[in-house]
Amino acid sequence: MDSKLNIRSYRNEDMKVLLEMTSEEGWSFSEIDCRVSLKVDPEGLLVAEDETGMPIGFIRLFSMTSNMTYVNVFVVRKDLHGNGIGKKLWEAMLKVTKDNTLVLDGVSQMKGWYEKRGFSFEAHSARSFHGTFSFQESVTLRNSYNIVPLSDDIWSALIAYDKQIYPYSREHVLRAWFCGADRYTAVAFLDKSVVGYANIHWKSKKECNIRVLNADNDVIADTLLLNLLQHIPLGSKVSFILMEGKPIPKYLSNFKSSVTGHKLFTKEMTGIQTDKIIFHMCHTI
Ligand SMILES: CC(C)(COP(=O)(O)OP(=O)(O)OC[C@H]1O[C@@H](n2cnc3c(N)ncnc32)[C@H](O)[C@@H]1OP(=O)(O)O)[C@@H](O)C(=O)NCCC(=O)NCCS
């Protein structure tokens with residue numbers, strides 16, 4: 001396999017194969033995830049191709065800060081597993097990322113493999129859920145929280161809130177994910193302060209990913225989630241990643257969990273306020 005294997009940068013025509021491979025793994029990775037991460041780092045998607053130029057594996061990376069890189073979408077075509085393609089992609093990724101601190105969301109089966117490669121610090125874990133949205137009861141929550149759609153004038157307040165949760169700036173990443181077609185972000189306020197936010201994007205008319213839900217408490221989380229769900233037609237396929245230890249919301253209680261992911265760092269990262277993260281935004285840091 002080795003002699004015929006070539007590692008190159010991503011080309012637009014690779015998208016179809018990439019989405020097929022990630023979908024086969026049961027991942028919620030979408031075209032939006034791919035396009036926005038390329039916006040953050042246009043060179044950040046490496047492709048293993050066979051002798052015909054056909055993509056047979058991928059690994060994605062993008063800079064979170066000048067010395068921290070996020071790595072994911074590490075995948076090889078199923079029928080070619082165990083032939084050393086993954087190792088070649090991994091080595092190519094290491095050449096690009098050099099001495100940077102690396103971060104990834106690793107599936108449980110691979111955790112030991114990553115630990116051996118220096119990913120010794122686990123910040124948190126989270127489970128992926130998939131299902132069909134079918135909750136029909138009408139629910140009205142009465143509380144003091146005001147939910148508004150994200151707009152330019154509240155971006156700085158949202159970013160300031162995000163900094164209470166993550167000890168590094170995520171502005172360029174959040175802007176890439178939240179701005180654009182087929183996305184909706186709801187922001188929760190108490191008086192003039194942001195106390196939570198949540199985001200969703202659509203893969204198609206009746207298929208969407210809830211990408212993030214961060215909130216100061218359970219009531220805010222519930223209020224934000226209900227607001228998001230008003231934008232999702234009944235019968236839609238929905239995916240989300242629920243932080244370990246958080247209960248599955250009653251509106252989505254028919255959903256089934258698949259893989260567990262572990263947020264692993266190569267250097268200790270203190271200060272992530274995991275208690276405020278309800279739905280984890282995998283595919284980004
Ligand atoms: C993980 C993956 C990309 C590795 O690619 P590959 O071409 O099959 O891997 P290689 O033949 O180069 O072997 C790389 C190593 O991965 C290990 N590995 C592969 N799949 C594994 C699994 N499910 N559990 C544990 N280790 C695994 C191999 O044992 C090998 O270990 P070694 O370096 O100690 O010899 C590929 O197996 C895959 O696509 N898996 C499904 C998607 C996935 O889980 N990706 C990781 C998400 S965090």
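Extent of segment 64-208 along each principal axis, from alpha carbon coordinates, in Å, largest to smallest?
If we take the Cα atoms of segment 64-208, the spans are 56, 38, 28 Å.
Please work out the FRET efficiency for the pair Val148 and Met15, using the Cβ-Cβ distance as r and a Förster radius of 35 Å; give the result to the nearest 0.05.
The formula returns an efficiency of 0.55 here.
Straight-line reach from Lys276: which aspartates and glutamates have Cα under 14 Å away, leaving out those fewer than 8 places along the same chain?
Cross-link targets: Asp162, Asp216, Asp218, Asp222, Glu244.
Can you sort Lys276, Lys205, Lys163 by 1.4 Å-probe accessible area, starting with the largest?
Ranked list, largest accessible area first: Lys205, Lys163, Lys276.
Tell me, what % of the accessible area of segment 42-194 is carbon and sulfur with a 1.4 angstrom probe?
48 percent
Past 26 Å, Cα to Cα: identify those pairs from Lys39/Lys98; Lys87/Lys111; Lys163/Lys205; Lys111/Lys237, in the order given.
In this structure, Lys163/Lys205; Lys111/Lys237 exceed 26 Å between Cα atoms.
Cα convex hull of segment 2-99: mean projected area in nm², to one decimal?
One quarter of the hull surface, i.e. the mean projection, equals 6.2 nm².
Output ³J(HN,Hα) for segment 122-139: one whole-Hz value per residue in order, computed from phi by the Karplus curve 6.51 cos²θ - 1.76 cosθ + 1.60 with θ = phi - 60°, and x for Gly and Pro.
My calculation for segment 122-139 gives 9, 7, 5, 10, 7, 10, 7, 10, 9, x, 10, 6, 9, 6, 10, 5, 8, 10 Hz in order.
Measuring from the lowest to the highest alpha carbon on each principal axis, how far does the chain reach, largest first, in angstroms?
64, 39, 33
What is the distance, in nm, between label points placed 7 Å from the Cα along the Cα-to-Cβ direction at Asp275 and at Asn83?
5.1 nm
Estimate the FRET efficiency between Val139 and Gln109 by the formula 1/(1 + (r/R0)^6), using the beta-carbon distance for r and 45 Å for R0, to the nearest 0.05.
0.75
Only loop residues by DSSP count here, and only those with at most 16 other Cβ atoms within 10 Å; note down the trypsin sites (Lys or Arg not before Pro) in segment 66-110 that meet that.
The qualifying sites are Lys98.
State in Å² the accessible area per residue of the chain; use a 1.4 Å probe, count heavy atoms of protein chains only, and round to the nearest integer.
46 Å²
The values are calculated or read from the model by the stated rules, or taken from the named source; none is laboratory data. Since this is a predicted model, take the numbers as computed values, not measurements. Note that each Cβ is placed from the backbone with ideal geometry, even for glycine, and that neighbours are counted across all protein chains shown. What goes into the accessible areas is simple: the full protein's heavy atoms, side chains included, and nothing from ligands, DNA or RNA. Shrake-Rupley method; radii C 1.70, N 1.55, O 1.52, S 1.80 Å.
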